[in-house]
Amino acid sequence: MTSTNRFIKDDDLAFLSSDAYTGGIDLLHHWKDKVFFINAKIIGSYIKGSQEAITALQESSARYFQRPGADYVNYDITRTSLSGIGGKVEIGKGSKGNWKYSTALSVLTPGSS
């Protein structure tokens with residue numbers, strides 16, 4: 001877990017977000033003498049700030065919410081926060097024998113609010 005909190009009183013710094021939080025959990029478990037495994041991860045984030053700060057985050061090269069064809073995100077210049085979650089679950093066989101395999105499911109929710 002981590003957070004950043006800014007108490008911005010200067011209008012010249014309005015381009016910065018005021019609060020940002022992120023946290024995650026990572027789990028790896030083996031069984032049958034480490035032949036089989038499950039690996040699970042989940043992470044979430046929340047950013048709050050002025051409309052100027054959040055618009056800049058939406059338009060940054062890390063997100064490009066305004067790009068054509070990005071119908072799965074909501075580009076909104078009046079937003080004052082962004083949040084999202086991501087996760088992955090992988091299960092498989094990782095040792096012994098000739099065959100090693102796994103399958104995984106991943107989820108990302110960019111910029112929901």
* If you build a Gaussian network model of the chain, linking Cα atoms that sit under 10 Å apart, which residue out of Ala70, Ala14, Ala40 swings the most? -> Ala70
* Ranking by accessible area, most exposed first, for Leu27, Leu108 with a 1.4 Å probe -> Leu108, Leu27
* To do: Quick one: among Asp11, Asp26, Asp76, which has the greatest mean-square fluctuation in a GNM of the chain with alpha-carbon springs under 10 angstrom?
  => Asp11
* **Rounded accessible area per residue of the stretch 54-113, 1.4 Å, Å²** => 67 Å²
* To do: Ignoring everything but the protein chains, give the 1.4 Å probe accessible area of Ile47 in square angstrom, nearest 10.
  => 30 Å²
* To do: Indicate the gyration tensor shape class of the chain (rounded, prolate or oblate), computed on the Cα atoms with a ≥ b ≥ c the square roots of the eigenvalues: a/c under 1.5 is rounded; otherwise a/b larger than b/c is prolate and the rest oblate.
  => prolate
* To do: Over the chain, with every protein chain in place, what whole percent of the accessible area is carbon and sulfur at 1.4 Å, could you tell me?
  => 58 percent
* Simple label model, 7 Å out from Cα along Cβ direction - Ile25 to Ile38, nm -> 1.2 nm
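The values are calculated or read from the model by the stated rules, or taken from the named source; none is laboratory data. This is a predicted model, so every value here is computed, not measured. Neighbour counts are summed over all protein chains in view; Cβ atoms, including those assigned to glycine, are modelled from backbone coordinates with ideal geometry. Protein only, heavy atoms only, side chains kept; ligands, DNA and RNA dropped before computing areas. Shrake-Rupley method; radii C 1.70, N 1.55, O 1.52, S 1.80 Å.
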